[in-house]
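Colleague: Please read through the structure below; I'll follow up with questions.
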Amino acid sequence: SAVISQKPSRDICQRGTSLTIQCQVDSQVTMMFWYRQQPGQSLTLIATANQGSEATYESGFVIDKFPISRPNLTFSTLTVSNMSPEDSSIYLCSVSGYAEAFFGQGTRLTVV
Amino acid sequence: GIQVEQSPPDLILQEGANSTLRCNFSDSVNNLQWFHQNPWGQLINLFYIPSGTKQNGRLSATTVATERYSLLYISSSQTTDSGVYFCAVETGGSYIPTFGRGTSLIVHP
């Protein structure tokens, strides 16, 4: 199993600003993932964070809006840039080996 | 891509009742997991169950891979069982789970 520490757990931000979310894993993992969960919805994959290379983004998500860093095999950050109220969501990081997927505690973001 | 459908979408129970949640998927899967999302948004792993039956306390799950469905049983429900239950599957060579829309469960005291 994997233990993932994600922070902040929640934040309230002004529109136009940026927020960086951090995830720390207790072991080295090849793949880390970032998800968005809009209110009342299921999880949507934003991107796969690759160590040593640029992240791979899903359709509808772009690097300028959601820049991702992956400096080593245990850590990743997701930045939500130039926020608007539509960005209010829960953001989750995840790791997946060859069996189970594990998730951080989530970041509940409210943009006002 | 694979389709994952969960039913029912919403469920309201009285404490002590039993319930069955269903997850149907449209293609063969390598992995299947059940998660519980608590009111604070955290996803808790319940079962990793690509096939067969598992039990953990009041919860149990069965996956019939050949018929492309999985069931999650909750017995003697408690208010702390409230939240959203998600089924997620992986198919082919992908390690990225595809989530269903979830079942929202409310357990009243």
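The values are calculated or read from the model by the stated rules, or taken from the named source; none is laboratory data. Keep in mind that what you see is a predicted model, and the values were worked out from it rather than measured. Neighbour counts run over all protein chains shown; Cβ positions are idealised from the backbone, glycine included. Surface accessibility is based on the protein's heavy atoms, side chains included, excluding ligands, DNA and RNA. Shrake-Rupley method; radii C 1.70, N 1.55, O 1.52, S 1.80 Å.
Colleague: So what's the convex hull volume per residue for the Cα atoms of the range A:25-104, in Å³?
Modeller: Details: hull volume 7.8 nm³, N = 80.
Per-residue hull volume (Cα only) is 98 Å³.
Colleague: Rounded to the nearest 0.05, what FRET efficiency do residue A:112 and residue B:53 give with R0 = 30 Å and r taken as the Cβ-Cβ distance? Could you check?
Modeller: On the way: r = 47 Å, r/R0 = 1.57.
Once rounded, the FRET efficiency stands at 0.05.
Colleague: May I pose another question? Among DSSP beta bridges whose residues both lie in chain A, state the antiparallel percentage, nearest 5. Before the final figure, lay out each step's value.
Modeller: Working: 33 of 37 bridges.
Beta bridges within chain A, antiparallel portion: roughly 90 percent.
Colleague: Same structure again: Using amide H atoms built 1.01 Å from N in the peptide plane, name the residues 5+ places from residue B:17, or on other chains, whose amide H lies under 5 Å from its own.
Modeller: B:77
Colleague: Separate question: Could you work out the mean count of beta carbons from other protein chains within 10 Å of each residue's beta carbon in B:14-20?
Modeller: Working: counts 0, 0, 0, 0, 0, 0, 0.
Counting other chains' Cβ atoms within 10 Å and averaging over B:14-20 gives 0.
Colleague: If you plug each phi of the range A:60-65 into the Karplus form 6.51 cos²θ - 1.76 cosθ + 1.60 with θ = phi - 60°, what whole-Hz ³J(HN,Hα) values come out, in order, with x for Gly and Pro?
Modeller: Whole-Hz 3J(HN,Hα) from phi for the range A:60-65: x, 10, 10, 5, 5, 8.
Colleague: Over all alpha-carbon pairs of chain B, lay out the pair-distance distribution in 10 Å bins, whole %, shortest bin first.
Modeller: Values per bin, smallest distances first: 16, 50, 28, 6, 0.
Colleague: Follow-up question, since we're still on this one. Let me check something: with ligands and nucleic acids excluded, how do A:87, B:27, A:64 order by accessible area (1.4 Å probe), largest to smallest? Before the final figure, lay out the partial values.
Modeller: Numbers: A:87 10, B:27 75, A:64 130 Å².
Largest to smallest exposure gives the sequence A:64, B:27, A:87.
Colleague: What accessible area per residue, rounded to a whole number of Å², is obtained for the protein assembly as shown using a probe radius of 1.4 Å?
Modeller: Working: 10530 Å² over 221 residues.
About 48 Å² of surface per residue is accessible.
Colleague: Taking the square root of 5 times each eigenvalue of the Cα gyration tensor, what semi-axes in Å does the equivalent ellipsoid of the protein assembly as shown have, largest first? Don't skip to the answer; put the middle values down first.
Modeller: Values: eigenvalues 175, 86, 45 Å².
Equivalent-ellipsoid dimensions as semi-axes: 30, 21, 15 Å.
Colleague: Count, for each residue of B:96-105, the Cβ atoms from other chains sitting within 10 Å of its Cβ, then give me the mean as a whole number. Walk me through the numbers before you get to the answer.
Modeller: Working: counts 9, 8, 3, 8, 2, 4, 5, 0, 1, 0.
Shielding by partners across B:96-105 averages 4.
Colleague: Further, regarding this structure: What's the carbon and sulfur percent of the protein assembly as shown's accessible surface, probe 1.4 angstrom, rounded to a whole number? Write down the numbers at each step before the final one.
Modeller: Numbers: 5100 of 10530 Å².
Heavy-atom surface of the protein assembly as shown belonging to carbon and sulfur, 1.4 Å probe: 48 percent.
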